[in-house]
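The values are calculated or read from the model by the stated rules, or taken from the named source; none is laboratory data. Model, not experiment: these values are computed from the prediction. Heads up, the Cβs are rebuilt from the backbone with ideal geometry, glycines too, and the neighbour counts pull from every protein chain shown. The area values use the complete protein model at the heavy-atom level, side chains included, leaving out ligands, DNA and RNA. Shrake-Rupley method; radii C 1.70, N 1.55, O 1.52, S 1.80 Å.
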Amino acid sequence: MQIPGPDTRVVELRVHGILGTTGDELTDSVASVDVAGDGIGRIMRPADRLRRPVPGPMLSAGDRSVPRIVEGYVWGRMTSGGLAKATWALLFPFALANMAHWMLPPYQDRQPAQQRARPRCARCSGFPPYC
């Protein structure tokens, strides 16, 4: 086990399941504040009653303590609304497959080097299409 350095921090990211959960329930706090995101998906941190962010608990790692930041990702509004708004959930896997296909290198770059080498013509020492 590595010993944590002086700048080591732990970020605990909590993501809720199917049912919509508030940021307060997700971070186990009396209140929560937005730190990133928009109205559809956002990242929340625990806060006190005056909506000031509170530091997370300290974790013990050997003989030192490491700060822990608790964050929660609230995505409940992505699927709430209607059939048209939830259609993204059905199309998302196809979008990932399409994106992965276009990220592949061209076909000739995926072949081994022996297959990529073009044969030379013995008659003119050139490539066959240009003889």
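Assorted remarks:
- Check on Ala89, surrounded by 10 or more Cβ atoms within 10 Å (Cβ to Cβ), modelled with pLDDT of 70 or more and assigned to a helix (DSSP H, G or I): yes
- Number of positions in the stretch 9-28 that are closer than 20 Å to Val66 by Cβ and either open to solvent by 90 Å² or more (accessible area, probe 1.4 Å) or of a type in the set (Gly, Ala, Ser) (or both): 3
- When restricted to residues that are assigned to a loop (DSSP other than H, G, I, E, B) and over 22 Å from Val15 (Cβ atoms), the stretch 54-83 contains 3.
- If the condition is being out of contact with any Leu (no Cβ under 8 Å at 6 or more places or on another chain) and open to solvent by less than 100 Å² (accessible area, probe 1.4 Å), then the stretch 44-64 contributes Arg45, Pro46, Ala47, Asp48, Pro53, Val54, Gly56, Pro57, Leu59, Ala61, Gly62, Arg64.
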